[in-house]
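Below: one structure, written as structure tokens.
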Amino acid sequence: MDKIHPMVQSIVVRDGRFIDMGTMADMMLQWGRADTEVIDLQGKTVTPGLIESHVHIGGVAMNFLNVDVTGVQSKKEMLEKIKERASTLRPDEWLIGRGWDENLFTDSTIPTIEELDYVAPHCPLFIQRICCHAALVNSKALEICGYQPSMAVPEGGTVVLDERTGKPNGLLLESASELVKKYIPEKSYSEIKHAVRQAVHFTMEKGLTSAHTNDPTFLNGFYQTYQIYDELINQEKLGLRCNLLIDYMYMKDLWESGMYAGYGNEYLQIGAVKIFADGALGRRTALLSSPYHDDPTRVGDAMMDQATLYSIVHEARKLSMPIAVHTIGDLALENVLNILDQFPAVSYRDRLIHAQVLREDLIPRLVSPNRIVDIQPRFIVGDFPWVQERLGESRIKLSYAWKTLLDAGVICAGGSDAPVEPIDPLLGIHAAVTRKAPGQSHDGWNPSEKLTMDEAVRLFTVGGAYATNEEQFKGTISRGKFADMTVFSKNIFELEHPDELLTTKVEKTIIAGKVVFEKGRDTN
């Protein structure tokens with residue numbers, strides 16, 4: 001994917017970097033010696049190492065520790081999983097989980113607090129939605145947090161009440177979850193670290209060589225997050241290159257530690273300051289400039305007012321830090337751009353994460369060498385068709401509009417937002433080129449926004465490198481760059497049908513010339 005050498009037969013690696021490329025004959029003539037290791041991939045295809053631009057590895061790790069209800073197809077199935085787990089817990093031991101998505105449920109309703117109390121009567125329960133912008137709790141959890149109707153709810157949050165009884169129905173939206181979360185006992189350090197180690201290996205098994213991960217809220221703050229990654233990446237040398245996005249409430253910790261954007265080495269670096277500007281479309285908390293099509297009383301929620309957002313960006317800029325802002329709705333994006341435009345750029349690029357709902361007037365404001373849009377192609381699978389009712393016909397045309405962004409000259413990077421969607425980049429690439437779920441037979445949701453295979457792969461290579469200002473070191477197979485590679489069982493650029501991506505396997509993941517994963521061999 002190098003502009004000068006878009007496709008080559010053979011590459012040469014020394015000291016963890018690419019040093020030459022060309023035909024097999026030429027490379028063996030130039031570099032073939034008795035002590036040269038030659039790896040014959042027998043016709044398999046190599047791309048630059050794939051880069052995951054927006055993930056929560058800590059969240060993926062929690063799935064190894066807690067109840068995972070991702071993909072359950074009904075309320076009944078979800079309640080059965082909860083009941084099964086509850087039967088293994090002691091009285092008052094917390095039952096934690098995540099992953100439910102009512103849009104997948106055949107019965108279309110989420111469990112009530114009474115149903116949650118029935119299947120888990122003896123233990124407090126907290127189960128987050130797939131998007132992590134909503135959670136279900138039972139009466140035991142509300143009792144432990146001392147819930148009262150007069151209780152102050154954190155800004156941007158809602159304790160949803162039963163219309164009939166006026167009492168909580170078990171659903172907490174956005175920051176209201178904090179009322180309960182602070183009472184959940186922390187896992188031990190060794191438990192968390194082991195789970196993160198598993199998640200890092202799992203990430204590399206999917207062909208990923210770099211990940212931009214936002215984890216302090218999953219891993220109990222900035223200090224523990226950095227310690228875990230320092231021990232796993234720098235000391236245990238697991239291999240995965242990690243860029244750590246740090247939530248804004250930990251900026252003081254960052255400053256006191258003497259860290260900043262780019263601090264670290266080629267394997268572990270500090271990234272941007274993470275901020276939430278709005279919520280999600282599933283629970284109608286993404287902030288829109290006009291009401292939701294299926295609920296004219298709602299426009300969504302700003303996670304903070306403009307003055308607070310300005311103050312956070314101002315503090316980040318005093319530390320010369322870039323920001324990475326969750327902006328799903330068009331008004332959220334506009335609010336962030338209005339503030340960003342008041343500050344000079346810093347050395348590292350600012351990142352607008354998701355940008356799912358756009359307007360024509362906002363797109364030119366994203367075209368900048370100092371701005372990146374982090375997109376998650378797999379959201380197509382999780383959000384359609386129900387999102388069409390949320391947004392309406394006119395707005396949906398400029399939603400999930402990745403082709404429009406690329407054609408306008410916006411620099412885009414690809415990710416999964418795992419554990420919200422599967423971390424597998426091949427699934428993200430499939431969604432980008434087909435705009436539909438595996439197995440669906442239509443031509444794709446808004447097919448004019450389909451990407452070519454080349455464009456889709458560039459999201460997870462070149463785009464990912466730009467997002468962290470590392471385009472001189474990774475993103476293409478080029479002389480002098482890190483020898484990071486992903487080896488596939490098929491040539492993904494010459495498939496007869498994009499669905500062949502679904503049967504394509506990652507054969508090897510190579511970082512700095514070292515094989516960190518090989519199919520059929522334990523490289524842990």
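The values are calculated or read from the model by the stated rules, or taken from the named source; none is laboratory data. Model, not experiment: these values are computed from the prediction. Quick reminder, even Gly has a Cβ in these numbers, built from the backbone with ideal geometry, and neighbours come from all protein chains shown. These accessible areas exclude ligands, DNA and RNA; they are computed on the full protein's heavy atoms, side chains included. Shrake-Rupley method; radii C 1.70, N 1.55, O 1.52, S 1.80 Å.
Across the stretch 378-434, what is the total count of residues that are polar (S, T, N, Q), over 17 Å from the mean Cα position of the chain (by Cα) and open to solvent by less than 10 Å² (accessible area, probe 1.4 Å)? Here the count works out to 2. Among residues that are in contact with a strand residue (DSSP E or B) (Cβ under 9 Å, 6 or more places away or on another chain), touching a residue at least 24 places away in the same chain (Cβ under 8 Å) and either small (G, A, S) or over 28 Å from S290 (Cβ atoms) (or both), A437 is not included.
Pairs linking a residue in the stretch 39-56 that is in contact (Cβ under 8 Å) with a residue 12 or more places away in the chain and of a type in the set (D, E, K, R) to a residue that is assigned to a strand (DSSP E or B) and open to solvent by 20 Å² or more (accessible area, probe 1.4 Å), with Cβ atoms under 7 Å and 6 or more positions apart or on different chains, are K44/E507.
Does the stretch 334-342 include one or more residues that are open to solvent by 30 Å² or more (accessible area, probe 1.4 Å), more than 30 Å from A512 (Cβ to Cβ) and without any contact (Cβ under 8 Å) to a residue 12 or more places away in the chain? So far as the stretch 334-342 goes, no, none of its residues is open to solvent by 30 Å² or more (accessible area, probe 1.4 Å), more than 30 Å from A512 (Cβ to Cβ) and without any contact (Cβ under 8 Å) to a residue 12 or more places away in the chain.
Cβ separations smaller than 7 Å between residues 6+ apart or across chains give the following pairs from the stretch 250-279 residues that are modelled with pLDDT of 95 or more to residues that are assigned to a strand (DSSP E or B) and of a type in the set (S, T, Y): A277/T327; D278/T327.
Within the stretch 509-524, the set of residues being part of a loop (DSSP other than H, G, I, E, B) and at pLDDT below 95 comprises K519, G520, D522, T523, N524. Within the stretch 441-455, residues that are under 20 Å from M1 (Cβ atoms) sit with their Cβ atoms under 6 Å from residues that are of a type outside the set (F, W, Y) and assigned to a loop (DSSP other than H, G, I, E, B), at 6+ positions apart or across chains, in these pairs: K450/R435; K450/G444. Residues of the stretch 496-508 include none that is surrounded by fewer than 23 Cβ atoms within 10 Å (Cβ to Cβ), modelled with pLDDT of 95 or more and on the phi > 0 side of the Ramachandran plot. Among residues of the stretch 435-462 being in a helix (DSSP H, G or I) and within 18 Å of the chain's Cα centre (by Cα), the one that is farthest from H497 (Cα to Cα) is V462. For A302, the requirement of being surrounded by fewer than 22 Cβ atoms within 10 Å (Cβ to Cβ) and within 29 Å of K252 (Cα to Cα) is met. Summed over the stretch 404-434, residues that are part of a helix (DSSP H, G or I) and either in contact (Cβ under 8 Å) with a residue 12 or more places away in the chain or in contact with a helix residue (DSSP H, G or I) (Cβ under 6 Å, 6 or more places away or on another chain) (or both) total 14. Residues in the stretch 355-374 that are surrounded by 20 or more Cβ atoms within 10 Å (Cβ to Cβ), without any contact (Cβ under 8 Å) to a residue 60 or more places away in the chain and within 15 Å of A345 (Cβ to Cβ): 1 in all. For the stretch 6-29, a residue qualifies if it is exposed (fewer than 13 other Cβ atoms within 10 Å of the Cβ) and more than 21 Å from V457 (Cβ to Cβ), and the qualifying residues are R14, D15, T23, A25, L29. None of L179, L208 is over 28 Å from T112 (Cα atoms) and either open to solvent by 70 Å² or more (accessible area, probe 1.4 Å) or in contact (Cβ under 8 Å) with a residue 24 or more places away in the chain (or both) except L208.
Among the helices (runs of 4 or more DSSP H) confined to the stretch 156-251, the ones with at least 1 residues that are within 30 Å of P111 (Cβ to Cβ) are located at 178-181, 189-205.
Considering only the stretch 310-319, I want to know if a residue exists there that is open to solvent by 20 Å² or more (accessible area, probe 1.4 Å), in contact with a helix residue (DSSP H, G or I) (Cβ under 9 Å, 6 or more places away or on another chain), in contact (Cβ under 8 Å) with a residue 40 or more places away in the chain and not in a loop (DSSP other than H, G, I, E, B). Scanning the stretch 310-319, I find at least one residue that is open to solvent by 20 Å² or more (accessible area, probe 1.4 Å), in contact with a helix residue (DSSP H, G or I) (Cβ under 9 Å, 6 or more places away or on another chain), in contact (Cβ under 8 Å) with a residue 40 or more places away in the chain and not in a loop (DSSP other than H, G, I, E, B), so the answer is yes. Being in contact (Cβ under 8 Å) with a residue 60 or more places away in the chain, touching a Ser or Thr at 6+ places or on another chain (Cβ under 9 Å) and not hydroxyl-bearing (S, T, Y) is not true of V67. For the stretch 285-309, taking the residues that are aliphatic (A, V, I, L, M) and in a loop (DSSP other than H, G, I, E, B), the one that is farthest from R395 (Cα to Cα) is identified as M304. Within the stretch 336-358, the set of residues being out of contact with any strand residue (DSSP E or B) (no Cβ under 7 Å at 6 or more places or on another chain) and either at pLDDT below 95 or part of a helix (DSSP H, G or I) (or both) comprises L337, N338, I339. Among the residues of the stretch 252-284, those that are out of contact with any helix residue (DSSP H, G or I) (no Cβ under 6 Å at 6 or more places or on another chain) and in a helix (DSSP H, G or I) comprise K252, L254, W255, E256.
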